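Read through the structure below, which is laid out as structure tokens, and then see the notes.
The values are calculated or read from the model by the stated rules, or taken from the named source; none is laboratory data. The structure displayed is predicted, hence computed values, not measured ones. Positions of Cβ are generated from backbone atoms using ideal geometry, with glycine treated the same way; all protein chains shown enter the neighbour counts. Heavy atoms of the whole protein, side chains included, go into the accessibility calculation; ligands, DNA and RNA do not. Shrake-Rupley method; radii C 1.70, N 1.55, O 1.52, S 1.80 Å.
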Amino acid sequence: MATRLSAEIEGSFVVFLIGARINQPWNVPAWLPVFRAMPRMLRELAAHPELGLLGGQFHGTTLVQYWRSAEHLQAYAKAREHFHLPAWKAFNQGARRHPGAVGIWHETYLVNAGAYETVYVDMPAFGLGRAGTLLPATGRRESARGRMGQAAD
């Protein structure tokens, strides 16, 4: 029998997607610093949970992150004492020296408490399941409507 789980997280949270695209693979000095900067930031965030990162994982060159709030995410992005701001400044300087060599992007989504649903069948902890709490998909969690807190049909 398949193992069915659902993830839950207390309160509202933020889903932050960030990625990079190498437009000029031969221009290693332009894009390598971008890829070297992320591991330092992730180590810093893992060592300091009070900064608000709940979890995340890579999918190719895209990183999906779950944050406690938009305020936590923005505070980290702007904080001079953390790794992001210097990396962002270095990226912008590099982009001026090597226009078009590497692209970066991000998307930010605020998720209201209970306004999501998840199901994982025979999966290890994944996505929100890594950032929140995995629970058996039974009872009200058995259907997508139930996981969304809606009445059954």
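Some points to look at:
- For Val119, net neighbour charge (Lys/Arg +1, Asp/Glu -1) across residues whose Cβ lies under 10 Å away: +1
- Mean-position separation - Cα centroids, the range 105-153 and the range 31-58, in angstrom: 24 Å
- Amide H contacts under 5 Å for Ala137, placed H, 5+ residues apart: Arg4, Leu5, Ser6
- Computed over protein heavy atoms with a 1.4 Å probe, the carbon and sulfur contribution to the accessible area of the range 1-113 reaches 60%.
- Per-residue HN-Hα couplings for the range 11-24 [Karplus 6.51, -1.76, 1.60; θ = phi - 60°; Hz; x = Gly/Pro]: x, 6, 7, 10, 9, 10, 9, 9, x, 9, 10, 7, 8, 10
- Percent antiparallel among DSSP beta bridges (both partners in the range 16-153, rounded to 5): 100 percent
- J(HN,Hα) series, the range 48-57, from Karplus relation 6.51 cos²θ - 1.76 cosθ + 1.60, nearest Hz, glycine and proline x: 10, x, 5, 6, x, 6, 8, x, x, 7
- Integer Hz, Karplus 6.51/-1.76/1.60 couplings in order for the range 117-131, x for Gly and Pro: 8, 9, 8, 10, 10, 6, 10, x, 3, 8, x, 4, x, 7, 9
- Here the range 37-92 is treated with +1 on each Lys and Arg Cβ and -1 on each Asp and Glu Cβ, and its dipole about the Cα centre works out to around 160 debye.
- Across Glu107, Glu44, Glu8, Glu71, the residue with the most accessible area heads the list, and the full order at a 1.4 Å probe is Glu71, Glu107, Glu8, Glu44.
- Farthest toward positive dipole pole in the chain [+1 Lys/Arg, -1 Asp/Glu at C-beta], among Ala20, Pro86, His98: His98
- Residues Ser12, Ser69, sorted by accessible area with the largest first, give Ser12, Ser69 [1.4 Å probe; ligands and nucleic acids excluded].
- Amide hydrogen neighbours beyond the local backbone of Ser12, cut-off 5 Å, H modeled: Ala113
- Matching label, Cα Rg over 2.2 N^0.38 Å computed from the structure shown, candidates [x] 1.23; [y] 1.31; [z] 1.14: [x]
- Solvent-accessible surface ranking, highest first, for Val64, Val14, Val121 at 1.4 angstrom: Val121, Val64, Val14
- Cα-based helix-to-principal-axis angle, 84-97 vs the chain, degrees rounded to 10: 50 degrees
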